[in-house]
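For reference, the structure is listed below as C-alpha cells.
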Amino acid sequence: MNKICIFGIMTKTFLLFEEIEEDLGKNAPSTVYKYRTWKDNNHKNLLTHQQVWFSHPFDLNDPLDVRPETIFDVKEFQDEKYLLKLQNSVPDDNPPVKTQEQRLAEAQMEWEYTKKNPQVIVQRHKEYNADREHFNPYGVFSTGINPLSEKTWKEYAGDHAGYCLGFKTVELCGR
C-alpha cells in the first residue's frame with residue numbers, strides 16, 4: 001500500500017503504483033519547478049549528480065507547512081464517530097496481528113480514556129508535533145508550478161542568479 005501527499009492537498013491511499021500515476025495525471029500539473037542557487041552544494045548536486053535534497057519538516061521556512069497547529073473540538077471526542085476513527089487508527093501490522101474484535105476493544109479503551117481526559121490528548125498531540133525526532137523519517141521536496149514567479153526566483157534562486165529546473169510530475173514520482 002502506498003500513501004502520497006500531492007501538493008499539500010490531502011493524503012490518499014493507493015494499492016498499486018499505477019493508481020498513483022493515474023491520479024497524478026488527472027490531478028497534478030504536468031510539470032513542477034525547483035528553484036536553486038549556485039552557492040549551495042546540495043543545489044549544485046541536482047544538476048551535477050542528479051541528486052535531490054529532501055528537507056526535514058522542521059527545516060522548512062514555514063513551520064506550519066508540514067506540522068500545522070491542530071485545533072481540537074473536544075466535544076468531538078464524545079461522538080461515536082470518534083470511536084470509529086480510533087478503531088481505524090489501531091495499527092494492524094504490529095505483532096501480534098489484531099483481530100477486528102481486538103482492534104475494537106483497544107479503540108474502546110482509548111475512547112473511554114479520551115472522553116475522561118480530553119486535555120491530555122490535546123497536550124500529547126502538541127508534544128508529538130513539537131518533537132523533531134518524530135519527523136526524522138520524512139523529507140520534503142518542495143516545488144512550484146510557476147517557472148516565472150518573481151518572488152520565488154528572489155527567495156530560492158539567489159535573487160535571480162540561480163536556476164529553475166522543471167520536472168515532469170509523473171516521471172518525478174516514478175519508480
- Here the residues within the stretch 20-37 that are in a helix (DSSP H, G or I) and touching a residue at least 60 places away in the same chain (Cβ under 8 Å) are 20, 21, 24, 25
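Here is a yes/no grid of residues against (1) among the acidic types (Asp, Glu); (2) modelled with pLDDT of 85 or more; (3) farther than 23 Å from residue 13 by Cα:
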residue: 45; (1), (2), (3): no, yes, yes
residue: 51; (1), (2), (3): no, yes, yes
residue: 58; (1), (2), (3): no, yes, yes
residue: 69; (1), (2), (3): yes, no, yes
residue: 72; (1), (2), (3): no, no, yes
residue: 97; (1), (2), (3): no, no, no
residue: 102; (1), (2), (3): no, no, yes
residue: 110; (1), (2), (3): yes, yes, yes
residue: 129; (1), (2), (3): no, yes, no
- For the stretch 65-175, which fully contained helices (runs of 4 or more DSSP H) count at least 1 residues that are within 30 Å of residue 47 (Cα to Cα), of a type outside the set (A, V, I, L, M, F, W, C) and touching a residue at least 40 places away in the same chain (Cβ under 8 Å)? 150-156, 169-172
- Can we say residue 77 is out of contact with any Gly (no Cβ under 9 Å at 6 or more places or on another chain) and crowded, with 16+ Cβ neighbours inside 10 Å? yes
- All positions within the stretch 137-167 that are farther than 20 Å from residue 29 by Cβ and of a type in the set (Ser, Thr, Tyr): 138
- Do we find that residue 71 is out of contact with any Phe, Trp or Tyr (no Cβ under 6 Å at 6 or more places or on another chain), loosely packed, with under 12 Cβ neighbours inside 10 Å and of a type in the set (Val, Ile, Thr) in this structure? yes
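Within the stretch 126-168, can you find the residues that are aliphatic (A, V, I, L, M) and closer than 30 Å to residue 21 by Cα?
140, 145, 148, 157, 165 - these are the residues of the stretch 126-168 that are aliphatic (A, V, I, L, M) and closer than 30 Å to residue 21 by Cα.
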- Inter-residue pairs, beta-carbon under 8 Å, first at negative phi and hydrophobic (A, V, I, L, M, F, W, C) and in the stretch 38-49, second surrounded by fewer than 13 Cβ atoms within 10 Å (Cβ to Cβ) and in a loop (DSSP other than H, G, I, E, B), 6+ apart: 38/161
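The values are calculated or read from the model by the stated rules, or taken from the named source; none is laboratory data. A quick note: this is a predicted structure, and the numbers were derived from the prediction, not measured. Virtual Cβ from ideal backbone geometry, glycine too; neighbours counted across all protein chains shown.
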